[in-house]
Structures are given as structure tokens and as C-alpha cells.
Amino acid sequence: MSNKYLIANWKMQLSIGESRSLALELAERLASTRTDWSVAVCPSGPALSQVAESVRGSDLLLGAQNSFWEDRGAYTGEVSPANLKELGCSLCLVGHSERREYLGETDEMVGRKVAALLARNIMPVICVGETENERDDGRSEEVIVRQLTSALADADCRSSDGQRLIVVYEPIWMIGSGRTIELEDVTASAQLIRSTLNELCTAAAADRFCTVAYGGSVDAVNLSGFLSCPGIDGALVGGDSLTADNFMGLLEIASRS
Ligand code: PGA
């Protein structure tokens, strides 16, 4: 599997039937696509088991949008990493800004989730990024370093036989907004994430096991620009991942980059 990742975040946008059909079509089209990219879809929780069936035996990876940190217990409404593993999930989003904002997910919770996922051999896709106000106040760097440090606080990522993880730089003001961001700013954030990972995990482990990606209004017009930023080896896509044509179009662009 390549260490470059194109990941679809379907959020809560599709019915279970729509998720199943879209996954089937993507798995089929991926089979006849030449690419050195790893491709994943993250359906909503209730659609996971049907999408798992759709992607079985294909190269399309299954991801979840959320996980709890315990494997079992009296935690009404939560989903355990053990269940995600049973379903065949290879990866799981953690700390998406929508969960931080609407569900009160804290840096500490994100750290516990990352450790629990790694323990189950599920690749965490850790989302970090600043709000517009934080950016205007010149606090972007501080926020990114704080979020990333907490996310890895409980994880053992220093070992040389470590597990892969993905960090996605998602400036919150770019998500679903269709706005533009300077590529120098994306590069600077990617470099900051890389140097923070070097400190948290050791440079050798970070180099080997960590992928840095970009997310926020990714589309067919801006993707190649984001992928040209040094240090960016992936994309997390919301709106433009909801049809097979759009998402496969992004994969084509990524594969040429
Ligand atoms: P967007 O969402 O591509 O619709 O901006 C990205 C995300 O929230 O992960």
C-alpha cells in the first residue's frame, strides 16, 4: 500500500443505500485505475457494515468517522475500536473539527482515541487546524502544535516498528467554504506538523510512519496545487467525495501529481 492517501469523508450526507452504491462503484472503478495512491472511504457509522461488504476484496479501504477509546463497557451510543476492527476498518478519523465543535471533543479525548486505535491496529487520521479567529490572532501555529501534541500524548510512536498514522491539516475556515488559501501557508503548516512529529516520534519514525495530508474545500481545480506543497502527501475530501465521478477525477489528478 502506498503512503499517499486520498480519503473520502462522507460525513452524514448519504443514506445507507447511497453509501453502499457509491462504495460499490468506487471499488469497481478503482480496480481498473492505475494509481500508486491508497484510497479510502469513511461512511457514516450506520452505513459501515454495508459499505464493508461493498469494498470486501477490493483495494478500496474502509474508514470510520469516529471511535470511542474503550473496547467494551457501559458507554451508550459509542462505537468501539474493537467493533471497527471487526467491520474491517483500516483507518479512522479523529478530532475532526465538526466533532470538536458540535460534540465537545477535547484534545484529551482525541489523545485517548488515537492510542486506542493504534492499539487495535487501526490507522488514526488526526485532524488539526485553526479557526478563522485563531488565524487572525496569529495563533495558528500554537493551535496546531497543541492539538498534535495532545493527540499523540498517549501514543507510543517512537518505536522503529511503529504503526502508520496520518495528520491532516484542515484549516477550519476552509472546510466546506470554497475559499482559497495561500499554498505557502499550507506548506508552512505541513512543515510545522513534520517538525512537531519529528520531536514527538523521533525523526526516523516520523519519516517512516507519518503521512501529512491537507483537507478543506479540496476540488479538481485546487488539488494539484495542494499536492505540490512540500510535505503534503494526501487529501481528505468532503463535498467533492460524494459522487464517483468527482472523487475518481480527484484520484486521477492525484495519481498524475
Ligand atoms: P470539505 O470537507 O472538502 O467539504 O471542505 C473536508 C472535511 O471536513 O474533512
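The values are calculated or read from the model by the stated rules, or taken from the named source; none is laboratory data. What you are looking at is a predicted structure, and each value in this text was computed from that prediction instead of being measured. For neighbour counting, all protein chains shown are included, and Cβ atoms are generated from backbone atoms with ideal geometry for every residue, glycine included. Side chains included, ligands, DNA and RNA excluded: accessible areas come from the protein's heavy atoms. Shrake-Rupley method; radii C 1.70, N 1.55, O 1.52, S 1.80 Å.
Every residue, every condition in (1) touching a strand residue (DSSP E or B) at 6+ places or on another chain (Cβ under 8 Å); (2) more than 23 Å from Gly176 (Cβ to Cβ), yes or no:
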position	(1), (2)
Ser49	no, yes
Ala52	yes, yes
Val55	yes, yes
Gly63	yes, no
Ala74	no, yes
Glu98	no, no
Gly104	no, no
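Within the range 87-108, does at least one residue satisfy the condition of being more than 26 Å from Cys201 (Cβ to Cβ), in contact (Cβ under 8 Å) with a residue 12 or more places away in the chain and more than 16 Å from the ligand (Cβ to nearest atom)? Yes, the range 87-108 contains a residue that is more than 26 Å from Cys201 (Cβ to Cβ), in contact (Cβ under 8 Å) with a residue 12 or more places away in the chain and more than 16 Å from the ligand (Cβ to nearest atom). If you scan the range 12-32, which residues turn out to be part of a loop (DSSP other than H, G, I, E, B) and surrounded by 15 or more Cβ atoms within 10 Å (Cβ to Cβ)? Matches in the range 12-32: Leu14 only. Only one entry in Asp219, Asp185 is surrounded by fewer than 20 Cβ atoms within 10 Å (Cβ to Cβ), within 15 Å of the ligand (Cβ to nearest atom) and at negative phi, namely Asp219. On the basis of being open to solvent by 60 Å² or more (accessible area, probe 1.4 Å), among the hydrophobic types (A, V, I, L, M, F, W, C) and modelled with pLDDT under 95, does Ala155 make the cut? When the stated conditions are applied, Ala155 does not pass them.
Of everything listed in (1) within 15 Å of the ligand (Cβ to nearest atom); (2) open to solvent by 10 Å² or more (accessible area, probe 1.4 Å); (3) not basic (Lys, Arg), the single unmet condition for Asp245 is (1).
Can Gln147 be described as in a helix (DSSP H, G or I) and either among the aliphatic types (A, V, I, L, M) or within 24 Å of Asn198 (Cα to Cα) (or both)? When the stated conditions are applied, Gln147 passes them. Among the candidates Phe226, Phe209, the residue that is aromatic (Phe, Trp, Tyr), within 16 Å of the ligand (Cβ to nearest atom) and touching a strand residue (DSSP E or B) at 6+ places or on another chain (Cβ under 7 Å) is uniquely Phe226. Of all the residues in the range 110-119, those that are modelled with pLDDT of 95 or more and open to solvent by 60 Å² or more (accessible area, probe 1.4 Å) number 1. Of all residues in the range 229-241, those satisfying the criterion of being more than 9 Å from the ligand (Cβ to nearest atom) and open to solvent by 10 Å² or more (accessible area, probe 1.4 Å) are Pro230, Gly231, Asp233.
Only one entry in Val128, Val39 is out of contact with any strand residue (DSSP E or B) (no Cβ under 6 Å at 6 or more places or on another chain) and surrounded by 24 or more Cβ atoms within 10 Å (Cβ to Cβ), namely Val128. Screening the range 191-210 for residues that are among the polar types (S, T, N, Q) and surrounded by fewer than 19 Cβ atoms within 10 Å (Cβ to Cβ) and picking the one that is farthest from Gly111 (Cα to Cα) gives Gln191.
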